[in-house]
Amino acid sequence: MCYRTKLNSKLSALERSLDARFIEPEKYTPQDEINAFTFSETPVIIDENRGEIDMFHWGLIPFWAKDDKIKKMTLNSKIETASEKPAFRNSVNNRCLVIADGYYEWQWLDSKGREKQKFLIQPVDQEIFAFAGIYSFWENPQTKHQLKSYSILTTEANELMSEIHNTKKRMPVILKKQDTKSWLAGEDLQKFAFPYEVELKAQPVL
């Protein structure tokens, strides 16, 4: 799973790394920790506008939803079943890059999770990277306001993440830099499921 991310890189570094420009740069605020359950706006690049960095809400709301309550359940989507689940199946071909420079996971130190160790997880070879994401446009029936939202895809944990995320044994799909274009182009989902992975490093957070 993935519910806490990190993105505190400078705006200029993001634009340079991603070869894209912010549509609304004033909306970007560097953050040491982004909590998924605040459903905040974070930087993404969507398949239709690859040279632009937009701000989408974390927590996908499918176009058919009557309200936005579903977002609590759609922060992540299992890549193995995304094309089958009603909440995601209409969005699996709407691809986006969810930008980050780290994410957090907790290791249970006892069987009931009373004691936990927090870790910062990052790719070994990418200071700024992208989670594999899918997105949706939803119109609020009452206000007619359009809301742009996304979900981060997860897959089976690799060896490192099996030790850290030792309860659910899942991890977000982090894209290799050379594969971002093929993700956006609609490459088959299953090609990005484990054993597809990038090399990760984990740092304990005190």
Of everything in the range 157-200, what is touching a Lys or Arg at 6+ places or on another chain (Cβ under 7 Å) and outside any helix (DSSP H, G or I)? Give them in sequence order.
157, 186, 198
Is the range 114-128 home to any residue that is within 25 Å of residue 70 (Cβ to Cβ) and in a strand (DSSP E or B)?
no
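When you scan the range 52-111, how many residues do you find that are aromatic (Phe, Trp, Tyr), free of Cβ contacts under 8 Å to residues at least 60 places away in the same chain and in a loop (DSSP other than H, G, I, E, B)?
The number of residues fulfilling the criteria is 1.
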Any pair with Cβ under 9 angstrom, 6 or more apart, that starts in the range 168-185 at a residue that is over 20 Å from residue 93 (Cβ atoms) and ends at one that is assigned to a loop (DSSP other than H, G, I, E, B) and among the β-branched types (Val, Ile, Thr):
174/198; 176/198; 177/198
What's the total number of residues in the range 1-19 that are more than 18 Å from the chain's Cα centre (by Cα) and not in a helix (DSSP H, G or I)?
2
Within the range 132-152, the residues that are assigned to a strand (DSSP E or B) and of a type in the set (D, E, K, R) are 139, 148
Within the range 9-20, work out how many residues are surrounded by 13 or more Cβ atoms within 10 Å (Cβ to Cβ) and in contact with a Pro (Cβ under 9 Å, 6 or more places away or on another chain).
5
Of the residues in the range 119-141, those that are touching a strand residue (DSSP E or B) at 6+ places or on another chain (Cβ under 7 Å), within 22 Å of residue 62 (Cα to Cα) and surrounded by fewer than 18 Cβ atoms within 10 Å (Cβ to Cβ) come to 137, 139, 140
Being crowded, with 19+ Cβ neighbours inside 10 Å and touching a Gly at 6+ places or on another chain (Cβ under 8 Å) is the filter here, so list the residues in the range 21-44 that pass it.
36, 44
Residues of the range 20-51 classified as closer than 25 Å to residue 187 by Cβ and part of a loop (DSSP other than H, G, I, E, B), total:
6
So, first residue modelled with pLDDT under 95 in the range 137-152, second residue not in a strand (DSSP E or B), Cβ within less than 7 Å, six or more apart or across chains; the pairs are 141/66
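Conditions tested, residue by residue: (1) of a type in the set (A, V, I, L, M); (2) at pLDDT below 95; (3) within 23 Å of residue 9 (Cα to Cα).
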site	(1), (2), (3)
73	yes, no, no
86	no, no, no
90	no, no, no
100	yes, no, yes
117	no, no, no
121	yes, no, yes
154	no, no, no
159	no, no, no
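The values are calculated or read from the model by the stated rules, or taken from the named source; none is laboratory data. Since this is a predicted model, take the numbers as computed values, not measurements. Neighbour counts are summed over all protein chains in view; Cβ atoms, including those assigned to glycine, are modelled from backbone coordinates with ideal geometry.
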